[in-house]
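See structure below.
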Amino acid sequence: MDIYAIRKQKLISLIGTQRKGACAERWGMAPAHLSQILSDKTAKNLGDDVARRIEAIEKLPRGWFDSISADGSIAPDSSDTEGSAQSAADQVRQMLSRVKGLTSAARDRIIAAADETSNVITVDFSRPGQVGDEVWIAHYDVRGAMGGGEVPHDYPEMLQDVRVSPKHLREMGVEFKEHFHLKMVTGWGQSMAPTIKHRDPLLVDVTVRDFVGDGIYLFSWQEHLYIKRLQIFDEDHFEMISDNDKHGPRRIRKDETYVQARVLLVWNANLV
């Protein structure tokens, strides 16, 4: 059984007799997204980010979705909910034992990072000066279209991470609660120029899953992914606005629009 089949079965067992809509709301998912994962007619799978988020919300051990109990069963048991006896570092050691090509130094750094109680991974870059409060922000291979729409990847891959200073971001006026809520994605197209140019990296807050006021959002609409300004048009509609005058505004239904993140900063120092 592959990892996604295991996750699906454990997700079904976790939901049990609960209302799927209530579960989706609690987990910060669009109900349609959850339905696609549970459906046998679609190829939508439970990705790493969503699995880890659900585990955290449900207070399950990290990696609970990826494991089968000792007797081979999928259903949750008391040992799952009470926490794994293994430490995070022990679990990482087991995982790394199956990975080829890593140097011993790289393995040691990964294990040390897993053993940290903090969310910040400290790294010795062998250069003069103090690293200070710098942290790593994951850069995902996700392209939000500033034009006709991009079909979202089922499994976003990480590109080269970006090292930033949360203190410096706040001094620039970027508002966020925790640095691990921040991710990097890429703008694609010309419709948001000059604010966002083609292939500009964008800093987004992935905890914003609803419209929270006028701004630029990463959102899906009619199964495509967009980066556009959203404003309230009326009770049932948003107005999807492009900064490029050549692209006119469009009226889209709220119940067909699923916010994935809010854009906080264009990586050309344009605050939005």
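Coordinate-derived values only; no laboratory data. Remember, it's a predicted structure, so these values are computed and weren't measured experimentally. When we count neighbours, we look across all protein chains shown, and the Cβ atoms used for this are built from the backbone with ideal geometry, even at glycine.
List of remarks:
- Estimated inter-spin distance, residue 177 and residue 9, nm [label 7 Å along Cα→Cβ]: 3.5 nm
- FRET efficiency, residue 251 to residue 224 (Cβ-Cβ, R0 25 Å, nearest 0.05): 0.95
- Beyond 19 Å in Cα-Cα separation lie the following of the pairs 183/228; 197/228; 59/167; 59/183: 59/167; 59/183.
- Linear extension gain, residue 212 paired with residue 56, 0.36 nm per residue minus alpha-carbon span: 53.8 nm
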